[in-house]
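First comes the structure, then the notes that go with it.
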Amino acid sequence: MNTVAIRQKLHHYIETAKDKKVKAIFAMVEDEIEAGAVVWTDEFLNELNKRANDFENGKVKGRTWGEVKKCARRLTKSR
């Protein structure tokens, strides 16, 4: 089952579940919900979109995670 279907089933379940069940589900994920409540500013989103567009249009070269780690290790060893 894909994520969209899971979300739909969960949403429907929560809408129709008894209060006790809803409170139990919330108790299980409350800390995660509170920690994940990050609000991105328009300025941040605009910069993110600009960088994504620059990458997609070939204006900047991206690096793989492996390349980044290799470079960081090399820089750390040289200090």
> Would a scan of the range 22-45 turn up a residue that is surrounded by 10 or more Cβ atoms within 10 Å (Cβ to Cβ) and of a type in the set (S, T, N, Q)?
Replying inline: no
> Among the residues of the range 31-61, how many are modelled with pLDDT of 90 or more and not in a loop (DSSP other than H, G, I, E, B)?
Replying inline: 15
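The values are calculated or read from the model by the stated rules, or taken from the named source; none is laboratory data. Predicted, not measured: the structure shown is a model, and the values here were computed from it. Every residue, glycine as well, gets a Cβ built from its backbone with ideal geometry; the counts of neighbours run over all protein chains shown.
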